[in-house]
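Take a look at the structure set out below.
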Amino acid sequence: MTEKKQKKILLLSVSAGAGHMRAAQAIEAYAARDDGTGLAAKARHLDVMDFVTPAFRKLYTDFYIKLVNKAPALWGYLYHASHDAPKDSSMQRLRRGIERLNTRALMAQIAAFQPDAIICTHFLPAELLSRALRQEQLACPVWVQVTDFDLHRMWVQERMQGYFAATDEVAFRMRHEGIPADRIHVTGIPIMPAFAQVPERVQCAQAFGLDPQRTTILLMGGGAGLGSLDTVAARLLALDGDFQLIVRAGKNNAVLAALRDLASQYPGRLLAQGFTSDVERLMACADLVITKPGGLTTSECLALGLPMIVNAPIPGQEERNADYLLEQGVALKAFDAVTLEYRVRHLLDHPQQLQSMRAKALALGRPRAACDVLALVLNDGRAGAALR
């Protein structure tokens, strides 16, 4: 009997913020699994920024990162202005003209791989491929995965095979923008397979030298307005209450060193962590997470039933994410360091509220979103293809 040929799936993302890349990596991880589900595929993940000129890359990624860090209000203005601008406006024509100048190398890579389907986890490749489809330079179907709990109009492109939405509300907004209902699938935001099965708390806590019985707070990310991680950690550790604190410093070695110095002043209460690829094991130890409201990070928290205090959202998409989480009762918002202290004190004093938030988070979580997306793409979007 002839073995069924694996489909080839090309994943396109953009390294402007980590979330778009992580969503693509999650789908790629499910494609690589050979667990009898029939979802195994030959997947390849490309960062579109690897196929543009250095000048364009600097403009698109470095400028974005500097803008959201140094002038978030300006980014918020641009986010809303570009959403509201008509498609034939000078702003939109200029943006599309710049993007069209940098596609030749990417299209060559697509032609070499010859994918059966393409999934875009950023709006830029979707827009580039929409033009290629119009000009009949591309024959395979293109799918779009929106990576926030909101929909910016730049995600909406012509000739897309289908769209994956985080929530019913995002799907409603897609229909409002003219996307046919039968091309919209509410899957959630793709996260890694490790989040599909909650790690065992006691085992994880013991591996990190933590007490699994103590209330544990996980602090991730810096956050404008809240100071550096070590400053925030020191303020939290000064609070009354028998809790332990995990702080994830990522690749910031200077902050990690400062946190380790702080840990020596609070023996048994602070665990300072650098970059780790198994963040789900840290999350499994936690009762509460303090984080920026990125679409991927908050989806990971929901999958594990983790209540959140969200801080310093980037104006635009992260503000909308924060609004959604607050409306659903799974998060509180800290506007500054004083508010953060108040929110933490309040939740520590009201464990029943923390438990209620946890139950709501678990109900909202979609830990198998990446699996469902892959299933729909491999089955050409047929109803009932997604696996639960």
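Apply 1/(1 + (r/R0)^6) to the Cβ-Cβ distance of residue 53 and residue 168, taking R0 = 41 Å, and write down the FRET efficiency to the nearest 0.05. Efficiency, rounded to the nearest 0.05: 0.55. Here the stretch 165-279 is assigned +1 on the Cβ of each Lys and Arg and -1 on the Cβ of each Asp and Glu. Its dipole about the Cα centre then comes out at about 200 debye.
The local environment of residue 9, defined by Cβ-Cβ distances under 10 Å, has a net charge of +2 under the rule Lys, Arg +1 and Asp, Glu -1. For residue 250, the residues 5 or more places off, or on other chains, whose built amide H falls under 5 Å of its own are 275. Counting 0.36 nm for each residue step from residue 153 to residue 342 and taking away their Cα separation leaves a gain of 64.4 nm.
With R₀ set to 51 Å, the beta-carbon distance separating residue 175 from residue 265 gives a calculated FRET efficiency near 0.40. With contacts taken as Cα pairs under 8 Å and at least 6 residues apart, the stretch 309-388 reaches a relative contact order of 21 percent. For a modelled paramagnetic label at residue 44, 7 Å from Cα along Cα-to-Cβ, the residues of the stretch 112-146 in reach, with backbone nitrogen under 12 Å, are 112-117. Pairs of Cα atoms nearer than 8 Å and 6+ residues apart set the relative contact order; for the stretch 170-261 it is 23 percent. Measuring against 25 Å, Cα to Cα, the residue pairs 42/360; 7/292; 7/251; 251/292 contain 42/360; 7/292; 7/251 as the ones spanning a longer distance. Here the peptides 336-348, 201-213 are ranked by packing, the mean other Cβ count within 10 Å, and the order with the highest first is 336-348, 201-213. Amide H to amide H, with H built 1.01 Å from N, residue 366 comes under 5 Å of 303, counting only residues 5 or more places away or on other chains. Taking every alpha-carbon pair in the stretch 238-388 and binning the separations at 5 Å intervals from zero gives 2, 9, 15, 18, 20, 16, 10, 5, 3, 2, 1, 0 percent.
Here, each number is a calculation from the coordinates, and none is a lab measurement. If you're wondering where the values come from, they're calculated on a predicted model, not measured in any experiment. Backbone-built Cβ (ideal geometry, glycine too); neighbour counts: all protein chains shown.
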